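*Asks:* I have a structure here, written as structure tokens, and I will follow up with some questions on it.
Each reported figure results from applying straightforward, stated rules to the coordinates on display, with no laboratory input. For clarity, every value in this text was computed on a predicted model and none was experimentally measured. Glycine also receives a Cβ, built like all others from the backbone with ideal geometry; neighbour counts cover every protein chain displayed.
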Amino acid sequence: AQKITQTQPGMFVQEKEAVTLDCTYDTSDPSYGLFWYKQPSSGEMIFLIYQGSYDQQNATEGRYSLNFQKARKSANLVISASQLGDSAMYFCAMREAGYGGATNKLIFGTGTLLAVQP
Amino acid sequence: DVKVTQSSRYLVKRTGEKVFLECVQDMDHENMFWYRQDPGLGLRLIYFSYDVKMKEKGDIPEGYSVSREKKERFSLILESASTNQTSMYLCASSSPGGLAKNIQYFGAGTRLSVL
């Protein structure tokens with residue numbers, strides 16, 4: 001069965017340092033998409049970055065990059081130069097072409113709470 | 001700017017009440033979703049809709065129903081609220097999936113307390 005695992009319930013990082021949030025996934029479908037979302041204390045889920053299973057290069061969006069290791073089924077989020085505003089809950093999610101299909105359903109991990117310290 | 005609006009940020013209801021959670025999107029998206037978020041469990045899909053008047057059950061539909069009479073609006077209904085439905089509810093919308101990126105855009109969420 002398809003599954004997303006985030007093993008870090010919470011993490012601390014010093015301001016201006018880089019941090020890696022772990023995400024592993026399980027799927028038998030060769031075609032899938034991986035997403036990271038940020039949820040500040042206000043509650044809204046904010047899309048950060050996307051990686052398709054056939055993408056040759058790791059995705060990057062500003063200070064966010066996705067360390068995609070297909071053989072290991074991992075899709076870790078790297079945040080460079082952490083800022084106080086990065087303190088939030090981070091969710092990894094997966095869409096399988098077979099499972100989600102045209103409906104675009106996502107499966108979410110349990111999230112990692114990141115606290116950036118000054 | 002894309003926008004998904006949930007009608008209430010906070011709701012307090014009594015056990016047994018009928019509760020309506022409303023969601024409106026302005027992106028002309030075909031797909032709309034209702035999730036429930038609980039600590040340690042992440043987001044779980046309650047129902048989704050891929051077209052007007054079309055709906056499918058998600059992973060935890062028991063105790064909920066939905067309505068989609070117009071493309072931009074998707075309502076979640078708790079027919080008889082119970083205390084175990086106290087949770088954060090998130091609405092999202094997207095274009096159809098497949099292999100494309102098709103981001104799900106979320107509303108700010110509704111914190112529902114059932115007393």
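*Asks:* Can you check how the C-alpha radius of gyration of the stretch A:35-91 compares to 2.2 N^0.38 Å, as a plain ratio? List each step's numbers first, then the result.
*Replies:* Details: Rg = 12.0 Å, N = 57, 2.2 N^0.38 = 10.2 Å.
Ratio of Rg to 2.2 N^0.38 Å for the stretch A:35-91: 1.17.
*Asks:* Follow-up. In the protein assembly as shown, how does Rg compare with the Kirkwood Rh, expressed as the Rg/Rh ratio over alpha carbon atoms? All intermediate terms of the calculation are to be shown ahead of the outcome.
*Replies:* Numbers: Rg = 17.5 Å, Rh = 18.1 Å.
For the protein assembly as shown, the value is 0.97.
*Asks:* Also: Can you pull out the chymotrypsin sites (Phe, Trp or Tyr not before Pro) in the stretch B:26-115 whose DSSP state is coil and whose Cβ has at most 10 other Cβ atoms within 10 Å? Can you show the working numbers first?
*Replies:* Values: sites: B:33, B:34, B:35, B:47, B:48, B:50, B:64, B:74, B:89, B:105, B:106; in loops: none.
Taking the stretch B:26-115 and a limit of 10 other Cβ atoms within 10 Å, no loop chymotrypsin sites (Phe, Trp or Tyr not before Pro) are found.
*Asks:* Mind checking which lysines have their C-alpha under 30 Å from residue B:18, skipping anything on the same chain fewer than 8 residues away?
*Replies:* A:105, B:3, B:53, B:55, B:57, B:70, B:71
*Asks:* Please report the net charge: other residues with Cβ closer than 12 Å to the Cβ of residue B:60, K and R +1, D and E -1. Let's see the in-between values first.
*Replies:* On the way: positive: B:36, B:44, B:57; negative: B:38, B:59, B:62.
Charge balance near residue B:60 sits at 0.
*Asks:* While we're looking at this one, here's another question. To one decimal place, what Kirkwood hydrodynamic radius in Å is obtained for chain A from all pairs of distinct Cα atoms? Walk me through the numbers on the way to the answer.
*Replies:* Values: mean 1/r = 0.0695 Å⁻¹.
It is 14.4 Å.
*Asks:* Taking the Cα centre of the protein assembly as shown as origin, work out the dipole magnitude from +1 charges on Lys and Arg Cβ and -1 charges on Asp and Glu Cβ, in debye rounded to 20. Could you put the intermediate results ahead of the total?
*Replies:* Values: 25 positive and 24 negative charges, 61 e Å.
About 300 debye.
*Asks:* Quick one: if you stick a label point 7 Å off each Cα along the C-beta vector at residue B:79 and residue A:63, how many nm between them?
*Replies:* Roughly 4.8 nm, to one decimal.
*Asks:* Given contacts defined as C-alpha pairs under 8 Å and at least six residues apart, what's the relative contact order of chain A, whole-number percent?
*Replies:* Numbers: 289 pairs, mean separation 43.5, N = 118.
Value for chain A: 37 percent.
*Asks:* Looking at the stretch A:12-85, which GluC sites (Glu not before Pro) are DSSP coil and have at most 15 other C-beta atoms within 10 Å of their C-beta? Show your work: numbers first, answer last.
*Replies:* Working: sites: A:15, A:17, A:44, A:61; in loops: A:15, A:17, A:44.
For GluC sites (Glu not before Pro) across the stretch A:12-85 that sit outside H, G, I, E and B with at most 15 neighbouring Cβ atoms in 10 Å, the list reads A:15, A:17.
*Asks:* When only alpha-carbon atoms count, how far does chain B stretch along each of its three principal axes, as whole angstroms with the largest first?
*Replies:* Dimensions of chain B along the principal axes of its Cα atoms: 41, 31, 26 Å.
*Asks:* Going by how many other Cβ atoms sit within 10 Å of their own, how do A:66, A:84 line up, fewest first? Please report the intermediate quantities before stating the final value.
*Replies:* Values: A:66 24, A:84 10.
Lowest to highest Cβ neighbour count: A:84, A:66.
*Asks:* Taking neighbour counts of Cβ atoms within 10 Å as a proxy for exposure, in what order, fewest first, do B:87, A:28 appear?
*Replies:* A:28, B:87
*Asks:* To the nearest 20 debye, what is the magnitude of the charge dipole of chain A about its Cα centre, counting +1 on the Cβ of each Lys and Arg and -1 on the Cβ of each Asp and Glu? It would help to have the intermediate numbers written out before the result.
*Replies:* Numbers: 9 positive and 10 negative charges, 35 e Å.
Value, rounded to 20: 180 debye.
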